[in-house]
Amino acid sequence: MNATDPTATGTTATDPTATATTATGTAAAAPAADGGPGAPAPAPAPGGDPFAPSTGAVRVLAGTGLVLLVGAFLVTVVLMLRQSYAGDGTPGPLREPAMWSLSLSGLVGLWAMCLPGDAVGHRVRRGAVFVQYALMAGGPLPAAFDPS
């Protein structure tokens with residue numbers, strides 16, 4: 001068999017349509033394309049570890065909390081108005097702590113969402129979003145359980 005003859009049964013270096021066969025016609029040991037034992041290791045993701053903490057995801061949660069804060073404020077106001085009309089004409093002593101809780105929730109949410117990534121660490125930003133949601137829940141709950 002001639003090494004430069006393209007009509008030979010084996011592969012040659014000069015044949016552009018050559019496949020992975022040997023001179024005897026059997027398959028050569030090529031890496032498996034399906035991830036088998038001869039396949040190369042998968043390359044790491046271009047962005048790094050997909051499960052690594054992400055500042056962008058925490059900022060999205062902070063922004064979502066700001067949107068939900070509008071609904072929590074409306075629920076709190078409706079509860080206070082209901083208590084005012086159903087009772088003695090006042091919403092009760094827990095109206096001011098409820099409103100302070102909602103306003104602080106908005107400030108903490110803006111802080112967690114708007115500060116640059118280098119200003120605070122990921123754990124601090126994540127904790128601020130947790131505090132934001134806790135303060136947001138602290139608005140309607142005291143208004144709903146007002147004893148008056």
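The values are calculated or read from the model by the stated rules, or taken from the named source; none is laboratory data. Since this is a predicted model, take the numbers as computed values, not measurements. Neighbour counts run over all protein chains shown; Cβ positions are idealised from the backbone, glycine included. Heads up: the accessible areas ignore ligands, DNA and RNA and are worked out on the full protein's heavy atoms, side chains in. Shrake-Rupley method; radii C 1.70, N 1.55, O 1.52, S 1.80 Å.
Run Gly87 past the list (1) of a type outside the set (Phe, Trp, Tyr); (2) more than 18 Å from the chain's Cα centre (by Cα); (3) at pLDDT below 90; (4) within 20 Å of Leu66 (Cα to Cα) and report the number of the one that doesn't hold.
(4)
Of all residues in the range 123-148, how many are assigned to a helix (DSSP H, G or I) and open to solvent by 50 Å² or more (accessible area, probe 1.4 Å)?
Keep residues of the range 123-148 that are assigned to a helix (DSSP H, G or I), which gives 123-137, 140-144.
Within this subset, residues satisfying the condition of being open to solvent by 50 Å² or more (accessible area, probe 1.4 Å) are 123-124, 126, 130-131, 133-134, 141.
Count: 8.
Any residue that is touching a Gly at 6+ places or on another chain (Cβ under 8 Å), within 30 Å of Gly139 (Cβ to Cβ), modelled with pLDDT of 60 or more and among the polar types (S, T, N, Q) - is there at least one of those in the range 47-55?
Within the range 47-55 (the criterion being touching a Gly at 6+ places or on another chain (Cβ under 8 Å), within 30 Å of Gly139 (Cβ to Cβ), modelled with pLDDT of 60 or more and among the polar types (S, T, N, Q)), the answer is yes, since at least one residue qualifies.
Cβ-Cβ distance below 8 Å, separation of 6 or more or different chains: which pairs start in the range 79-90 with a residue that is within 23 Å of Ala137 (Cβ to Cβ) and end on one that is in a helix (DSSP H, G or I)?
Close Cβ pairs satisfying both conditions: Leu79/Pro140; Leu79/Ala143; Leu79/Ala144; Met80/Arg95; Met80/Ala98; Met80/Ala143; Gln83/Ala143.
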